[in-house]
Structure formats: C-alpha cells, structure tokens
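J.: Below is the structure I would like to discuss, written out as structure tokens.
What follows is calculated from the coordinates using simple rules that are stated; it is not laboratory data. Note that the structure is a prediction, hence the values are computed from the model and not measured. Because the Cβ atoms are built from the backbone with ideal geometry, glycine has one as well, and the counts that use them run over all protein chains shown.
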Amino acid sequence: MSLSIKQSEDRKNGGENERLLQANNRKLTTYFGYPNNTIKTSKYNALNFLPTNLFEQFQRLANAYFLILVFLQLIPQISSLASYTTVIPLTVVLSITAMKDAIDDMKRHQSDSQVNNRPVLLLVNGRMEEDKWMNVQVGDIIKLKNNQPVTADILLLSSSEPYSLAYIETAELDGETNLKVKQAISVTSDLEDNLELLSAFDGEVKCDPPNNKLDKFTGILTYKGQKYLLDHDKLLLRGCIIRNTDWCYGLVIYTGPDTKLMKNSGKSIFKRTQMDRLVNVLVLWIFLLLGIMCFIIAVGHGIWQSKIGYYFQIFLPWENYVSSSVISATLIYWSYFIVLNTMVPISIYISVEIIRLGNSFYINGSEVWKMFYAPKNTPAQARTTTLNEELGQVKYVFSDKTGTLTRNIMVFNKCSIYGKLYGGSYDTGGSKVPDSKKEKVDFSYNKLANPNFSFYYSTLVEAVKNGDNWVHLFFLSLSLCHTVMSEEKVEGELVYQAQSPDEGALVTAARNFGFVFHSRTSETITVVEMGVTRVYQLLAILDFNSVRKRMSVIVRTPEDRLMLFCKGADTIICELLHSSCTDLNNVTMEHLDCTHVFQDFATKGLCTLMVAYRELDTTFFQTWSHKHSSACLSLEDRENKLSVIYEKIEKDLMLLGATAIEDKLQDAVPETIITLNKAKIKIRVLTGDKQDRQVCPRPTEVPSRKEHAKSAHGPATIHWTPPPAPLYSHLVPHYKDAEDIGPPDHGTESHCSRPRGHHPYRCSQPLSHLFQFRRETAVNIAYSCSILDDEMDGVFVVQGKNYETVYQEVRTARAKMKPESLLESDPTNIHLSTKPKMPFTVPDKEPNGNYGLVINGYSLKAQVVELVKRYKKVVTLAIGDGANDVSMIKGINFWGFIATAHIGVGISGLEGMQAMLNSDFSFSQFHYLQRLLLVHGRWSYNRMCKFLSYFFYKNFAFTLVHFWYAFYNGFSAQKVYDSWFITCYNLIYASLPVLGLSLFDQIALKTTYWTLMSHLFIWGSLGFYFCMLFLLYSDGLCLMFPNIFQFLGVARNSLNQPQLWLSIILSTVLCIIPAIGYIFLKPLFYPVSVDKVFDRIHHCMKYPLPPPIQTRLKHSSLRRSAYAFSHQQGFGDLITSGKTMKIVPKKKNSSSLKN
C-alpha cells in the first residue's frame, strides 16, 4: 500500500490536495486526521460561553463605552456619580443579551444532537452493528435501507437491484422529487450483501479533496492491483433518500463537515441590517458630540475658575490635587464625560433586540396572521430576529422556480388530438370554470386506472369509449414512447418509477384513458389496451437529449407492423412532419399558440409536447438498424453519429396531436407577483440549475462588468442559470487561459475548472440548443405567474453566446425601452467612460413602457444576486426550496467575497428542507411572501424608525438638561437629578412607551386615536414612575439606607406645589404642539406616497373605475413553444441494456411513488 505521508501533513496544515483512503482501515483514517461524521452548527459550549459571549458583546461600542465608565467612576477625583448608576444598567443589558444567545445556541445544540444520534448499520468485524451517525468515519462500510437518508457521502458498492443500481431522491439537494439512478462499478457489485466479502474488501480510493460541487466527483479505486475510474454516478451524497431499493452498501468517502451538503451550507454569516449600520453611525456621531460638549464645558470651567473660582476659594476651596484652573478643567472634562453618559444609549441594543423578538412573534404566530399552512400543519418561522425591519426595504426578490413558484407536480391538463381540442372549460364570458365546480370524469370502467388522477372533460372519455382511432393511437403512443419503469406489487396496483414528473404524468394519463403501460423488459413493452393485453417488441429507443429535444421508440406490433412513435418540442416536430400534415399542423399550432383567447396553452403556463408517428418499411428499417448498430459501437464521435442516424428515420412523421401538462403553480402565485410589482418590488426568477446544462463559456465570450451594468433594465426579468460557471469577468480576478478556467494562485479549482486537457462540459453543438428548451419553459412559467403578461409593450430575450452578440442584443432592447439611455450624456455612460474601473451604484431608470427581459445567463444564482447588490445598492431577498438555493439564501464564498442576499427565505415542502434550514424566514407557500414583506416588513420597518426617533429624542431631552444646568453652577459637574433617577430613567421610566409603540403600532390604516395598548403603556409608565418615586423617596428606605437614599420627604413636598404641576402641563403642551402641527401640515405641503395612496383610495371609493378592457398582444416568436421535458439523456440505453430488469423477483418493503 503506497499512501502519501504528505497527505497527512497537508491535512494537519489545513489543506488537502487529494483524498486518500482505504476501506475497513480506521487506523489510516486516524493517521490522516479525517473528521468523523459529527456536524456542529452551535457556537458555544459550557466552558467558552461566558468569555466568548462577553467578548462579542463588548465589541459593541456602547457596551465598551459603559465598561470604561465603570472604571472611570472608581476614580474619586472625577467621579460625580455613584458607580451603580452605570453598573446596574450594564449588567441588565449584558445578562438579557447573554440569555438570548444561550437559548438560541441551545436550540442549535439540540438540532445537532438529533442528527448526530441517528442510527446507522455499520460493518464491524464481519457483522452489521447499529451505531450512531456521529461515529461513522472515512473508510467505513455502511448499509442503507429503503427510504433511509444517506449518512455521509459514500461510494456505492452494491445494492439489491440488478447490476447494483440504486434509486435516490435528491430533493434535499436540488429540490427535485424525480428519481435519479446510481450504479456501482462491476468489481464491487459482485460483493452483493456478502458480509465476509465486504469485510475483506480493502480497496484504496484516491479522489478529489472535499468541495461543494454537487455534480462533480472524480477518483480512482485500486483493488487487487487493478484501477477503476470513479465518477459522480457512483457517489451517493448526504441528504439524498434511498428509494425503491431494498438495501445498498457504501464506502464512506466524505464525512461530517467534509460532505458536499455541509460544504454548500458553509459557515453561518452574520447579516447586519442597514438599521444596525445606521445605529452604529449615530452612536459614533453621539460620541463626537459628547466629546465636543465636554470640551465646551471644560473650557467654560477653566474660564470660570480663573476669573471667579480662584478668588472665591475662601468659600469653595480647591482640592489639594488641583493646582491650577487647567488641571481643574481637565478633571471636569472627565466628570462631565460621566454625568452626560446618558447621551450614549446603552439600552438601545437590548431595546432593539426586544422589538425584533416581539415582531418575530407576529410572524411565528402565523395561524392568527394568515401564514399558517393547514394541510401540512406548518407555521411560518422567523428563524432569525435580526432582519425584521429589513423586510420592509426589499427592492429585489430572487426566486427559484421548481418547488418555489410551482409544486413540482405535473398534471395532464388538456390535449389536442387530430385537430380537436380536449380539456378546459370556459363560460360564455370567457372566464375559466374552476375544477371544483365541474364534475370529475368517472374512470370506473378501467380497473387499472389511478384513483388519484383527475380530469374534467368527459368528451375525451367518450371518444375513447367510442373507439376513435386517432384518440386510441394518440394514447397508445404515450403508453409506448417513454422510459418509465413499472412494478405491480399487488394485483391491479401499478407503481410507476418515472425519471421525470412530466413523463410520469403522460404515462399515467394514458393509463387512465385505457392504455395501461403494464411492464417492460429490455426487448418488450406490455400494454393493456382497453382491457386487452398486447405485447410490443421494442426494437430501439432513440434517446432524448437537450439538442434533439425529442425522443422516439421503434416497436413491432402484434400484427407485425413496424411503428415509430415520437414526442418532442413543437418547434422540432413541425420540421419533421410529412407535407400532408400541413393543415393539421396549422390547427394544432393554433391550439398551442395564441389564436384562441381562452384556449392558449402557453399563456396558461402549460408544458407542451407534440406527438407523431410513422409506419416503417421493413427493408428500410433493416438497413437503418445496421447503421444504427455501427454508430452505437463507434468509439469516436459516437453522439454525433447517432444523431445523424436518428434524423434519417425521424422524418416524414404523421402528426397525432399535442399534450399540455400543467406544472401546477402554488396557490395565489400570480396574484402575489402582481401585488409585489405594484409595490415597486422587482421579481427575478433564477432557474435552470441542471447538471446536463452546465456550460463553461470561454473568458472572451462573457460580458464585462461595464456591459452588465448597462443592461440591468426592465421591470420584469426572468433569469435562468446553468451552473457552475463564472458569471462575468469582474467576478473572477483573472483567467489563466481558455483551457484552464479558474481563479489565479489558488490551490483549488474554480466551479468550472477541470485539469488541463479535460473538457467534460465542452459541447460541440451550439449553446443556443442547450438553453432554448429551458428558456421556453421559463417564459411559460413567467406568463402563468404574471411576471410577464400579454399587455406588455415587448418582451426581449438576451441569449447571445459571446460578447458582441450580447452587447448588440442589450443595446437593441435598451433602444426600445429607453432610447435616451444610449446617449453619451447619460450619467451612467459618462461614469463608465471616465471611470470604468471604479464601483458605482447604477441608478434606476423607468423604461418608456412596460417591458419584459429574459436573460440567458451563465452563472450561479448567488453570483446574480451579488451583481445586483454590488451595482444597485438595494436590499435583496432570495427565496428557494433546495440545497442548490442555499448559496443565494445563506451565502457562499466566491474567491474572497461572500455572495448572498440580504434576506434568505426557505420554502418547506415536498422538495426538501435544506433551504429552510439555512434560511432567515421559512414558510410553506410562496404567496405568504406578500404578507411577510408588505405587512410584517412594513410594520417592523416603521416601528423601528419611530423607535429610533423617540429613543434619541428622550435621551437628548434628558441629557441636555445637565448641559444647560452647567452654565448655572459654574460648570462644577453638579447633577440636576438624583442618582437613582439617572439609573432608572432609560431602564424603566422612559422605556415602556417607546417599546409599546415599537411593538404594537400598526400602519395598515390611519389611526387617529389612541389604542388600548397606547393607553396601557403611556398611563402605565406614568403610574409606574410615581410608584417608583414614592418607593425610592419613602421614609423606610431613607431610614434603612441613609447613605444611599438621601431625599427623605422630597416627593411629598414637591407634589404639593402647584408650580410643579403647572410646569408639567406647560412642558407637555409645548412638546406636543410641534408634533401635532407637523402631522397636520405635512400632508398638505409635502405629501408622501402613503398620503397620495390614501387620497387615491378615497377617490376610487367615491368614484369607482370601470373594469379594464383586456387587449391581447402576441409575441409569437417568444411564446410559440411551451415545450418542457425534464428528462435525462442516457436512460434509454440503460433500459435497452436490460440492467434495470430484475433477474430474480424480490419482494420489497419499500414505498414508491404511485401514479
């Protein structure tokens, strides 16, 4: 065994160039220092909590200031106040903050403990033993069963399925619920579940060091002197769920913090709000003002002492340590530094924390506040208490599509068969009749129908029952042209294992309409047609890929006819049709396009496929089959050769019709987006993070920072991102050359880098083919979500692949949206031409109309967010549901800077919990975002603004009295208030009204009167003040502690004086009059947006507007195709190879996805 000692040294020095391990060898793992499988998200433990927490708290300037004051008050020469006036408030503030931090960290400890103590079957000394997740180490062999989560990143060794296949669900990683297939290498698949062989397995693995690339893994397995290549298809990642696989064994490669899931999670990033920055700036200004005030008083004291005090020593003798007026002025400076300490708000931080905590309770109490999702009993959660007011300042929302806007549930909605449209009901006024008001079609005639399938258009069922040949042939094609796997565990109960949800929806639809896909082998497909079982010989599968955008099957029918069935994008199938189908094609395209205002497939966000067939001549097929076999065996340029062969047979097709599948939106998504747009919040949809759509553009083919800054216009933008690749050149410090893309002088590769000479992401086909089908899907979703609409003046698509093309497309769009922005006199152009390398904020420019912008970007989602943050300087919010959204929700490090949104929102649903676990706020439905931003965000922001205004006002009003009094007492540091009043003022007396306003003020309506809470806190604080006053000045306390409580009877005597009450009344009136005058006069002379909105509401209530007349604008070039097919290339070859077929039927105890 030759394992490098340098690997251990690199690991100990904090770096790791490659990972070396050996199966069943824990000594080697210990030697290399690999971590165990324990995860830790907590910050403190019992030993370091107190020092660490205090260190963090004293990093706050105000806390450090008051700590210094405590030491200054111990110096008798300058101490004008008792030390408890500072010690008590400081102790209370530190204690409350420490308790809050301790509670938060205890929750993190509990979460970590729950995960680390999960059970796992571990191979130890030839037998399987149950152990805890945290005890798993690199090199261990573990056993996973069906429906169990994967413990760590493991190399698949063997499984219960034929050819050691394993089915996994990656919802925790990418938000997708469709099954993925993994396969072990042949040399380890022979180990099966033989514990003796598994225990003797001593293979050595050399692979990549730990990284966060979910789609990348390369390594070499050395076993019995032979070397075997390892890739991503052999690796099961932590966070995946084992599905439809009884058992599997795996070799642990990465554990705990080294797993790809945890690498994507990264370290917790403290998100500081704009309000925090403002408070810190204000505190600094207050410090400066305090120093100036103390300096003025010290100068005044020096002048007074030299001109009056020096000659007045017979009555007020100087202390022994005062030799001159300069020395006295210096001491007085520090004395007033203590007396005026209330100008620095020590309680502001704890008050802000209380307000944020209270506002978080409003969000967490979502059952009352309409953010509780009853079907799953899931409330909204404010997972952080520091960002509430930031919600009210959001300008950009970046949203994932799958699982966030949509439910990731595909439903067969309607179809067009041989020129006739089936599905969709509309009343005479053109309004769609909801499904709840229609009668569900009865499929009881079909014993194999899926009871969960719903369809509401009986005409199609009648056509099937009446034996319509075209309808029968249409559904027969759907039951044959696919890669779905079927299993019948109980007689009559079929379970479909679909690689993609849309393909599963089509096969399920065919099943319910009487054409049931029953089973398949590598050579046959069995279909139950209207109760009659028929077996078709499978001759070839012409597999799908992103360039062809279609798939076909060639079968031999029981009548010995050769048939080719094809389904794919309308833009592709139309070009392959026979000339006799022209009229039929036009009718079908009318159904797909926008000809009929109420039956437009694309407008409704439906994903469409065209279906066609061709009957083949036997001689032609035999000739083609020989060429196909030769191409399959080719070692060079195999994919291109197959594509050419496929095109020779996929022509002269006869059109059958088109399908429309609804990628069901979540509830109220369009209405939510419309409302957010009205609130001037810009929506950006970032979608398309797919493994098969990863492309590395050459460095010279990406737009520069300058051009991107100039192109960020348009009220509605949808951006789909095929990662991982650098976004624009300014985000990457330097490119070495076109063959080795990555940041310079770094030991690790970039997200798109590969060893020199290897280009697995390079594609010989035009990039437009790779992205066109994703663009079409994204645009359809944009229309269905009301991000784009028919009344827009235009929708522009930026899909260039190089600098020149993108530059021209952007300028063309800008010329139409806002022509004057291209002039040299434009401020942005002036800045870019004079100071191209200096960062700046791109100003918002309103376009001359309503436009949509679709951008074909090469970027990670977090990089897109970072661009907007850097150049727009606005608050951003990212919302998603999968681990691939964590980068923009929580943050990820891109070569030295953190790319993340200001606020991260996670959707907790079927698509995984990783985004939710790493988010700042979480809920189950996208439409709750409207209430989170426009209600809770607005409340929190306005409450915090009012709090800061009143807080600083009361502190200045209290402190400036001492400054004013200094001019009447010879600047001698005498106090106006007694020490206990100074101690309790900020902490007790003046805190309740401000806190009450900040916790209960609501601005949904104009409130012209005090609420119950207003009365409670205002009168309650006054009553509490008088109670404390009588307590502190009571006879009992003065007699027990005469040195501390020295004002015996002062309260009684003062309150008996009418002058005191007159002063209180006059002071109150004089303070209220300016505020009342401001409230009444400001809307008249300086109205803000809110005032204009209320005036508009009152006007509309008095004079209602007529209903708008909808006009329809066609963007046929953009809207024609609604094609979507989330299929993966290569699955057809896997089926025809027979590797998915069980050799010996085995009884499974797994639960599958039922259709």
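J.: Label-point separation (nm) for Asn364 and Phe620, each offset 7 Å from Cα along Cα-to-Cβ?
T.: 7.0
J.: If you average the alpha carbon positions of segment 19-73 and of segment 612-678, how far apart do those two centres end up, in angstrom?
T.: Each part reduced to its Cα centre gives a spacing of 55 Å.
J.: Now, a different point. Non-local amide H neighbours of Arg383 (under 5 Å, H modeled in plane, Pro and chain starts lacking H): which ones?
T.: Phe921, Ser922
J.: Whole-Hz Karplus ³J(HN,Hα) for segment 536-541, in order, using 6.51 cos²θ - 1.76 cosθ + 1.60 and θ = phi - 60°, x for Gly and Pro?
T.: For segment 536-541, the Karplus curve yields 9, 7, 8, 9, 6, 10 Hz.
J.: When you count, for each residue, the other Cβ atoms within 10 Å and take the mean per peptide, how do 1054-1063, 440-449, 85-94, 873-882 rank with the highest first? Display every interim value, and only then the final one.
T.: Values: 1054-1063: 10.3, 440-449: 14.3, 85-94: 18.9, 873-882: 25.5.
Per-residue mean Cβ counts within 10 Å order the peptides as 873-882, 85-94, 440-449, 1054-1063.
J.: While we're on this one: Calculate the FRET efficiency for Ile220 and Glu820 from the Cβ-Cβ distance with a Förster distance of 56 Å, rounded to the nearest 0.05.
T.: The formula returns an efficiency of 0.40 here.
J.: Given q = 0.09 Å⁻¹, what are the Debye log10 I(q)/I(0) values for segment 411-664, with equal point scatterers placed on the Cα positions and solvent ignored?
T.: Taken in order of the listed q values, log10 I(q)/I(0) reads -0.40.
J.: Kindly state, to the nearest 0.05, the FRET efficiency for Glu130 paired with Ile409, given R0 = 35 Å and r defined as their beta-carbon distance. Intermediate results must be reported in sequence, preceding the final value.
T.: Working: r = 36 Å, r/R0 = 1.04.
Taking R0 as 35 Å, the efficiency between Glu130 and Ile409 is 0.45.
J.: Charges at C-beta only: +1 for Lys and Arg, -1 for Asp and Glu. How large is the resulting dipole of segment 45-115 about its Cα centre, in Debye rounded to 20? Before the final figure, lay out the partial values.
T.: Values: 4 positive and 5 negative charges, 26 e Å.
Its charge dipole is roughly 120 debye.
J.: I need the phi-derived Karplus couplings for segment 1070-1077: 6.51 cos²θ - 1.76 cosθ + 1.60, θ = phi - 60°, integer Hz, Gly and Pro marked x.
T.: Residue by residue, segment 1070-1077 yields 5, 6, 7, 4, x, 5, 5, x Hz.
J.: Would you kindly state how much longer the chain becomes between Asn1043 and Gln799 on full extension, computed as 0.36 nm times their sequence separation minus their alpha carbon distance, in nm to one decimal?
T.: Full-extension gain reported as 79.7 nm.
J.: At a Förster distance of 51 Å, what's the computed FRET efficiency of Asn469 paired with Asn194, Cβ-Cβ distance as r, to 0.05?
T.: 0.40
J.: Can you give me the convex hull volume of the Cα atoms of segment 45-115, divided per residue and expressed in Å³? Present the calculation step by step, with values, prior to reporting the outcome.
T.: Values: hull volume 5.9 nm³, N = 71.
Expressed per residue, the convex hull around the Cα atoms of segment 45-115 is 83 Å³.
J.: List the residues, sorted by chain then number, that are 5 or more residues from His518 or on another chain and whose placed amide H is less than 5 Å from its amide H.
T.: Thr526, Val527, Val528
J.: Report the gain in length on full extension from Val281 to Asp978: 0.36 nm times residue separation, minus Cα-Cα distance, nm rounded to one decimal. Show your work: numbers first, answer last.
T.: Details: separation 697, 0.36 × 697 = 250.92 nm, distance 3.08 nm.
Extra length available between Val281 and Asp978 comes to 247.8 nm.
J.: In whole Hz, with x marking every Gly and Pro, tabulate ³J(HN,Hα) for segment 249-255 from phi via Karplus 6.51 cos²θ - 1.76 cosθ + 1.60, θ = phi - 60°.
T.: Per residue, the Karplus-derived 3J(HN,Hα) values read 10, x, 9, 6, 9, 10, 10 Hz.
J.: Can you give the extra length, in nm with one decimal, that the chain gains between Asn117 and Gln59 once fully stretched, where that is 0.36 nm per residue apart less the Cα-Cα distance?
T.: Details: separation 58, 0.36 × 58 = 20.88 nm, distance 3.59 nm.
Contour length minus Cα-Cα distance gives 17.3 nm.
J.: Compute the distance in nm between two label points, each set 7 Å from the Cα along the Cα-to-Cβ direction, one at Val299 and one at Ile1079.
T.: A separation of 4.1 nm, rounded to one decimal place.
J.: Further question on the same structure: Run the simple label-point estimate for Lys678 and Asp1035 please: 7 Å along Cα→C-beta, distance reported in nm.
T.: 6.8
J.: What is the P(r) of segment 44-85, as percent of Cα-Cα pairs per 10 Å bin from 0?
T.: With 10 Å bins starting at 0, P(r) equals 26, 36, 27, 10, 1.
J.: How about segment 243-303: which trypsin sites (Lys or Arg not before Pro) there lie in a loop by DSSP and see at most 14 other Cβ atoms within 10 Å?
T.: Lys267, Arg272
J.: Follow-up. Which of the residue pairs Lys180/Lys376; Lys835/Lys869; Lys213/Lys376 have a Cα-Cα distance greater than 22 Å in the structure shown? Numbers along the way, then the final one.
T.: Details: Lys180/Lys376 26 Å; Lys835/Lys869 20 Å; Lys213/Lys376 32 Å.
The pairs that break the limit, which is 22 Å between Cα atoms, are Lys180/Lys376; Lys213/Lys376.
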